[in-house]
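First up is the structure itself, then whatever we jot down about it.
The values are calculated or read from the model by the stated rules, or taken from the named source; none is laboratory data. Predicted, not measured: the structure shown is a model, and the values here were computed from it. FYI the Cβ positions are ideal-geometry reconstructions off the backbone, even for glycines, and counts take in every protein chain you see.
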Amino acid sequence: MDAFYASIEQLDNPELRGKPVAVGGGGERGVVAAASYEARKFKVRSAMSGKQAKKNCPHLIFVKPRFERYKEISQKIRAIFYDYTDLVEPLSLDEAYLDVTVNKKGNPSASLIAKEIRQRIFDELHLNASAGISNSKFVAKIASDINKPNGQKTIPPEEVLSFLEELPIEKFFGIGKVTASKMYSLGIFNGKDLKAKTAMFLKLHFKNSGIHYYNIVRGIHYSEVKPNRIRKSVAAEHTFAKNLTSEIFMLEKLEKISEELEQRLIRSKVSGKTITLKIKYSDFKTQTRSKTIPYFVKEKTLILEIVKELLFQEKVKNSVRLLGISVTNLNTQSKKKPEKPVFVQLKFEF
């Protein structure tokens, strides 16, 4: 979906249409969750501080997020997807992979299916979507960004290798700024440069990720569309308007976070054995502390008791801007090894 949260706000409030809109907080400690394309012209982007966003675009309009509304629209979009295939793998509220190799419409053209889906989303929900079409999830993901907003790009199998060779390295899905900078220092600026490096060289410099890079630039990516993704973690976290300097204040916040987490666990019908406390300090350094217990929990009181233990495990080193709690090692998993927690931003203070 194109600028999903911001587009919904503009859809529901006609006065916002054609204007630069940011979903999030514009205060001293606010953060941009999403930005309209009008705002992006002023280099306003998600995860940017509200203060910086306002500096980039003085006439920027901030709107508080309404996640229940976004979820409602997301479910309607997915209902459209399921008219074409049951092989739908949601990544988030605004993004999903679809396998249409065999589809309910009997349409042999993935490109035409994508065009039809995008048109239906516009006709039924009045929102724009973009699509990437190819023979692997990795390439389709990259292609989906090429003709945004409100466009699509097909990379047929015979063009995948040449497409990847010409692609700037920072455009490879999964390669962030830090990794891209390291690749620049090694003389890797595009796919062709990456392809010239041996598997041994890439593993030496990027460890196991090096083998992944070696494969993807050669079009080797066999990950299937998985419609029934097993949930690996449930989490909640808050970013605070003012830094917290006392464990007493932190406990008050953690109690509220644990309440939200309990509700999420109940709605998801899961429980877990590993509790992780996440602490982000005022200097943006992040620390996690975890404990695994021999039984599954989802109750707020039990989670909070473990979190208290983790909080006082060692002295908090600095003032705190964010706290989070995650539950992993869920009863949906057959693995014994706890999964790395994936934190979900639920609430900002505006």
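Quick notes on this one:
- Test result for residue 206, closer than 30 Å to residue 119 by Cβ, of a type in the set (Phe, Trp, Tyr), buried (at least 19 other Cβ atoms within 10 Å of the Cβ) and outside the structural domain of residue 264 (by TED's automatic domain parsing): no
- Residues that are under 25 Å from the mean Cα position of the chain (by Cα) and among the β-branched types (Val, Ile, Thr) within the stretch 304-329 comprise 320, 325, 327, 328, listed in sequence order.
- Restricting attention to the stretch 278-320, the residues that are β-branched (Val, Ile, Thr) and either over 16 Å from residue 243 (Cβ atoms) or not assigned by TED's automatic domain parsing to the domain that holds residue 268 (or both) total 8.
- Filtering 254, 194 for residues that are over 22 Å from residue 141 (Cα atoms) and of a type outside the set (Ser, Thr, Tyr) leaves a single hit, 254.
- Scope the stretch 175-197; condition without any contact (Cβ under 8 Å) to a residue 12 or more places away in the chain and surrounded by fewer than 14 Cβ atoms within 10 Å (Cβ to Cβ); matching residues: 176, 177, 178, 181, 185, 187, 196
- Criterion: aliphatic (A, V, I, L, M) and either more than 30 Å from residue 95 (Cα to Cα) or in the same structural domain as residue 139 (by TED's automatic domain parsing) (or both) - qualifying residue of 323, 244, 265: 244
- Any hit, the stretch 49-60, residues being surrounded by fewer than 21 Cβ atoms within 10 Å (Cβ to Cβ) and under 21 Å from the mean Cα position of the chain (by Cα): yes
- Matching residues in the stretch 169-182 - criterion: being under 20 Å from residue 220 (Cα atoms) and of a type in the set (A, V, I, L, M, F, W, C): 169, 172, 173, 175
- The helices (runs of 4 or more DSSP H) falling completely within the stretch 188-242 that include 2 or more residues that are of a type in the set (Lys, Arg) map to 191-195.
- Residue list for the stretch 22-68, restricted to those being farther than 20 Å from residue 1 by Cα, touching a residue at least 12 places away in the same chain (Cβ under 8 Å) and assigned to a helix (DSSP H, G or I): 50, 51, 53, 54, 56
- Count - residues of the stretch 94-129 that are part of a loop (DSSP other than H, G, I, E, B), under 16 Å from residue 76 (Cα atoms) and under 21 Å from the mean Cα position of the chain (by Cα): 4
- Within the stretch 81-93, the set of residues being of a type in the set (S, T, N, Q) and either assigned to a helix (DSSP H, G or I) or in contact with a strand residue (DSSP E or B) (Cβ under 9 Å, 6 or more places away or on another chain) (or both) comprises 85 only.
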